[in-house]
Amino acid sequence: MSGKDWPLFEVFVRSRAGLSHKHVGSLHAADPAMALEHARDIYTRRSEGVSIWVVESGAVTASDPSDKEMLFDRAQDKTYRHPTFYNVPDEVENL
Amino acid sequence: MTAASGGDLFEYLLRLGDTSLVLGHRLSEWCGQGPALEEDLALANIALDLIGQARLLLEYAGKVEGQGRSEDDLAYLRDGRDYRNLLLVEQPNGHYGDTIARQFLYDAFAVELWGELTRSGDVQLAAIAAKAVKEHEYHWRHSSGWLIRLGDGTEESHAKMQASLDRLWTYTGEMFADDDVEQAIQRTGVGPDVATLAPRWNTRIDPVLSEATLTRPVASWMQRGGKEGRHGEHLGHMLAEMQSVHRAHPGAKW
């Protein structure tokens, strides 16, 4: 391949109706249409999905790993925010 | 069931099955050598679709023939002269533009043909077509997208793409030329009149060619013979490689 690589895209797949799209990986493609086709070929070969999103990786704004403590530690001592005090009926699969 | 004689139906199923098998094998030759990892996988996927179709078609052909030949017997133990695939699909992979041109010209035909076959009076063939047509629609999207990218790409990719089209054009006439077998198939409601697919093929490819800034080659002499078993020099080499393991280890299983 030449030095000019295709841009990177992040791939999100909805595994079935009612669930959210989940990040499954990334791939290279020349444009969004090609990224969708590649995503279909690479990530849904075994009936993993019913819908695909692709987003150019450059469009993702990510949190800085060094901010981890500032952003996330304060949630640890607030257990009442976790819904662990409820009994979840068996029929509810995707809470 | 169908009123077509077993012989005609057998011949017709070989034409369909061999075309899928030979093109599927050609595409599998790209495995590990695609221009990009993602594209390598895309071609392997298309190859697997085609080989899957070939398995169904050849298995059915073996049943129709009634001499106990399995799909493997038909795929691995026939010589080139017994193959009934279109000449177009046996053409070598060449560079990526050659492969895309071959795929583009065939996919536009396959989408139309297999769409018609979903309405086949032969229930088994109609069921195979229901699966195949969805696959061909995707293949068409893939190959036409690439034709546009390469045709309307750089000066070099444009020139190469045009040369690929010009070179393969002579093999496109065979798709729409019928003979006794296909007339019988048409009479008995098993398959379409292939001549009627030509204008639909044109309608499909012309706008894509113009979007790709490519010139439609001018028809001159059209090659024929693949459907009757008269092939070019390349098929024998391909089959020798494809069949070598089976011939070295007859009946081997894993």
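The values are calculated or read from the model by the stated rules, or taken from the named source; none is laboratory data. As the structure is a computational prediction, the values presented were derived from the model and not from experiment. When we count neighbours, we look across all protein chains shown, and the Cβ atoms used for this are built from the backbone with ideal geometry, even at glycine. The area values use the complete protein model at the heavy-atom level, side chains included, leaving out ligands, DNA and RNA. Shrake-Rupley method; radii C 1.70, N 1.55, O 1.52, S 1.80 Å.
Placing +1 on the Cβ of every Lys and Arg and -1 on the Cβ of every Asp and Glu, with no other charges, gives the range B:6-248 a dipole of roughly 160 debye about its Cα centre.
Hey, in the GNM for chain B with a 10 angstrom Cα cutoff, which one of B:Gln223, B:Gln124, B:Gln67 fluctuates hardest? Among B:Gln223, B:Gln124, B:Gln67, the largest mean-square fluctuation in the Gaussian network model of chain B belongs to B:Gln67. Remark: accessible surface ordering of A:Glu56, B:Glu233, B:Glu174 (largest first) is B:Glu233, A:Glu56, B:Glu174, probe radius 1.4 Å.
How high is the FRET efficiency from B:His237 to A:Asp31, r the C-beta distance, R0 41 Å, rounded to 0.05? Calculated value: 0.65.
Using the Cα gyration tensor of chain A, with a ≥ b ≥ c the square roots of its eigenvalues, what is the shape: rounded (a/c below 1.5), prolate (a/b larger than b/c) or oblate (neither)? It comes out oblate by the Cα gyration axes. Using only Cα atoms, tell me the angle between helix B:123-151 and the longest principal axis of chain B; keep it within 0 to 90° and round to the nearest 10. So the inclination is approximately 20 degrees. The accessible area of A:Ser15, taken with all protein chains in place and a 1.4 Å probe, comes to roughly 60 Å². Mind telling me which of B:Gly17, B:Gly62, B:Gly153 comes out most flexible in a GNM of chain B, alpha-carbon contacts under 10 Å? Of the options given, B:Gly153 has the highest mean-square fluctuation. In a simple Cβ point-charge model (Lys, Arg +1; Asp, Glu -1; nothing else charged), the protein assembly as shown has a dipole of about 360 debye relative to its Cα centre.
The heavy atoms of B:Val181 offer some 20 square angstrom of accessible surface to a 1.4 angstrom probe.
The relative contact order of the range B:52-134, computed from alpha carbon pairs under 8 Å that lie at least 6 residues apart in sequence, is 22 percent. Along the axis of the charge dipole computed for the protein assembly as shown (Cβ charges of +1 for Lys and Arg, -1 for Asp and Glu, origin at the Cα centre), the listed residues B:Tyr60, B:Leu21, A:Leu19 are led at the positive end by B:Tyr60.
In this calculation the C-beta distance from B:Thr118 to A:Arg46 is compared with R0 = 22 Å, giving a FRET efficiency of 0.30. Using C-alpha pairs below 8 Å separated by at least 6 residues, the relative contact order for the range B:6-248 is 25 percent. Whole Å is fine, so just give me how far the alpha carbon centre of the range B:43-120 lies from that of the range B:195-231. Going from one Cα centre to the other spans 18 Å. Peptide A:22-32 has a mean shielding of 2, counted as Cβ atoms of other protein chains within 10 Å of each residue's Cβ. The simple Förster model, with R0 at 25 Å and r as the Cβ-Cβ distance, assigns A:Lys22 and A:Phe72 a FRET efficiency of 0.75. Computed over chain A, the per-residue total of -39500 (n - 2.57) for DSSP H runs of n ≥ 4 gives a 222 nm mean residue ellipticity of -5000 deg cm²/dmol, rounded to 500. If you sort B:Asp122, B:Asp49 by accessible surface, 1.4 Å probe, largest first, the order is B:Asp49, B:Asp122. Heavy atoms of the protein only, probe of 1.4 Å, neighbouring chains included. What is the accessible area of A:Val54 in Å², nearest 10? Number for this one is 40 Å².
Work out the charge dipole of the protein assembly as shown with +1 on the Cβ of Lys and Arg and -1 on the Cβ of Asp and Glu about the Cα centre, then indicate which of B:Ala248, B:Tyr12, B:Leu87 is farthest towards its positive end. Going by the Cα projections, it comes out as B:Tyr12. Under a model in which nothing but the beta-carbon of Lys, Arg (+1) and Asp, Glu (-1) is charged, the range B:27-94 shows a dipole of about 320 debye around its Cα centre.
Taking every residue in B:33-41 and counting other chain Cβ atoms within 10 Å of its Cβ, the average works out to 5.
Shielding by partners for peptide A:34-42, expressed as the average number of C-beta atoms from other protein chains within 10 Å of each residue's C-beta, is 5.
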